[in-house]
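The values are calculated or read from the model by the stated rules, or taken from the named source; none is laboratory data. Just so it is clear, the model here is predicted, and its values are computed rather than measured. Note that we place each Cβ from the backbone using ideal geometry, even for glycine, and neighbour counts take in every protein chain shown.
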Amino acid sequence: MESAEQAQKNEAYLLALRDLLYQLADDELTLGHRDSEWLGLSPDIEGDVAFSSVAQDEVGHAVFYFELLHELGEKDPDRLAFARDLSERKNAVLLERENGDWAYSIARHFMYDVWDDLRLEALTESSYVPLAKGAIKIRREEYYHLLHMHSYFVRLGQAGKEAKKRLELAVKAIWKDIGGIFGFGVYEQKLVEFNIITKPAEELKQRWVKRMQQAFAEAQLTWPDSWEPVQYDGRRGEHSPELEQLLQTMSEVYRIDPTARW
Amino acid sequence: MMSADGKVEYGVYEVFVQKSHADHHVHVGSLMAPSPDLAMQLARENFLRRDSAVNLWIVPREYIYTTPYSSDFFAREMDRKYREVGGYTENGRLWRLFKEKTLTMEEIVSHIEET
């Protein structure tokens, strides 16, 4: 599929593709918004600016996915970002959770970035060419987020004492939601069949576990037992009240006048 | 670095950005970081958010040797005007006038003596 026009001619293909694009866009937008909330609050000013810079990257990636959706006949990117209901959001619930502790934010970001890296890799040869091209570029940028979050994750663990304690608490909290980031939603089977994503979710999950176990060892953390099934499945539009609050804040200005020109 | 009370303290790194291969590395600011690799990552996110670059240096501040601010090191006691290039700025225009024969050598010399 070279273009949006071609994709639109195959209804089953289009349905699966659109659903995946919403997952990708919503993951990046939601986490990007949470990152931006660190502005002025990070433990040091360098981390403060770094989180904001990462936030802008993530939102930029979301814009890319929303534009692909728009080309496929969906509404314009601003409306997709700000005016969709909670039940239409496809991000993993982990990413909508409030920032809480800095260790939580770092650990969550790191774990998501590893997943995102594997998912992007499986998209670089997607049958949907515009997505494949974007995935290559985005992955190059995400490499630096991954490096950044990995460095802090390992340092917090190695530092011991309070830092390690906070990191352990963060891991415990993340483990309740972690199951929700794996998987490609209701069209999983079709997405792999159509080669829109070239690796099954289960395979990526196993690779994620391997990479994460290595990072846990580096950070001198004990690998927790397997996780429980999630309470809300974000990929199916189920979300926590924390997303409700996030959307309220994020779309506050947009809702004043949705027709305003920026 | 370890301080007296056993806490690990962040070091200060000076950051230099080279914008293109033809440019020098230019000092853009400083930051604090617990290690050189993190300093490099933080420098990237803090100083290259908008501008592009081809190279980045980070230098631990303690490796920079510096002069004191109040010292005779920079003193300018005597007239150093003879070292300056002020006398040359008019050369091009005078040379052209000389070649056009609207100015004699004597006039040029007297012009230089005036300035």
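Confirm whether A:ALA55 is surrounded by fewer than 23 Cβ atoms within 10 Å (Cβ to Cβ) and within 14 Å of chain B (Cβ to nearest Cβ).
yes
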(message) Out of the residues in region A:34-69 meeting the condition of being assigned to a helix (DSSP H, G or I) and among the charged types (D, E, K, R), tell me which one is nearest to the chain's Cα centre (by Cα).
(response) A:GLU58
(request) Could you check how many residues of region A:91-134 are surrounded by 24 or more Cβ atoms within 10 Å (Cβ to Cβ) and at pLDDT below 95? (result) 0
(request) Would you tally the residues in region A:216-248 being in contact with a helix residue (DSSP H, G or I) (Cβ under 8 Å, 6 or more places away or on another chain) and farther than 16 Å from A:LYS172 by Cα? (result) 14
(request) Tell me, yes or no, whether region A:130-141 has at least one residue that is over 14 Å from the mean Cα position of the chain (by Cα), closer than 20 Å to A:THR249 by Cβ and away from every other protein chain (no Cβ under 14 Å). (result) no
(request) Scan region A:156-201 for residues that are of a type in the set (Asp, Glu) and under 27 Å from A:ILE106 (Cβ atoms) and jot them down. (result) A:GLU162, A:GLU168, A:ASP177
(request) Working carefully through the options A:LEU167, A:LEU123, find the one that is in contact with a Gly (Cβ under 9 Å, 6 or more places away or on another chain) and closer than 29 Å to A:GLN8 by Cα. (result) A:LEU123
(request) For region B:14-32, state whether one or more residues are farther than 30 Å from A:ASP44 by Cβ and charged (D, E, K, R). (result) no
(message) For a quick check of your reading of the model, give me the residue pairs whose first member lies in region B:48-74 and is under 18 Å from B:VAL17 (Cβ atoms), whose second is exposed (fewer than 10 other Cβ atoms within 10 Å of the Cβ) and modelled with pLDDT of 90 or more, with beta-carbon atoms closer than 8 Å and at least 6 apart or on different chains.
(response) B:VAL54/B:SER20; B:VAL54/B:HIS21
(message) Taking the conditions exactly as written (within 14 Å of chain A (Cβ to nearest Cβ), hydroxyl-bearing (Ser, Thr, Tyr) and exposed (fewer than 10 other Cβ atoms within 10 Å of the Cβ)), does B:SER71 satisfy them or not?
(response) no
(request) Check off (1) outside the structural domain of B:SER110 (by TED's automatic domain parsing); (2) more than 30 Å from A:SER53 (Cβ to Cβ) for B:GLN18 and give me the number that stays unchecked. (result) (2)
(request) Give me a count of the residues in region B:20-55 that are outside any loop (DSSP other than H, G, I, E, B) and either more than 14 Å from chain A (Cβ to nearest Cβ) or more than 17 Å from the chain's Cα centre (by Cα) (or both). (result) 18
(request) Being in a helix (DSSP H, G or I) and surrounded by 10 or more Cβ atoms within 10 Å (Cβ to Cβ) is the filter here, so list the residues in region B:88-108 that pass it. (result) B:ASN91, B:ARG93, B:LEU94, B:TRP95, B:ARG96, B:LEU97, B:PHE98, B:GLU107, B:ILE108
(request) May I ask you to verify whether A:LEU191 is surrounded by 16 or more Cβ atoms within 10 Å (Cβ to Cβ) and either touching a residue at least 24 places away in the same chain (Cβ under 8 Å) or not small (Gly, Ala, Ser) (or both)? (result) yes
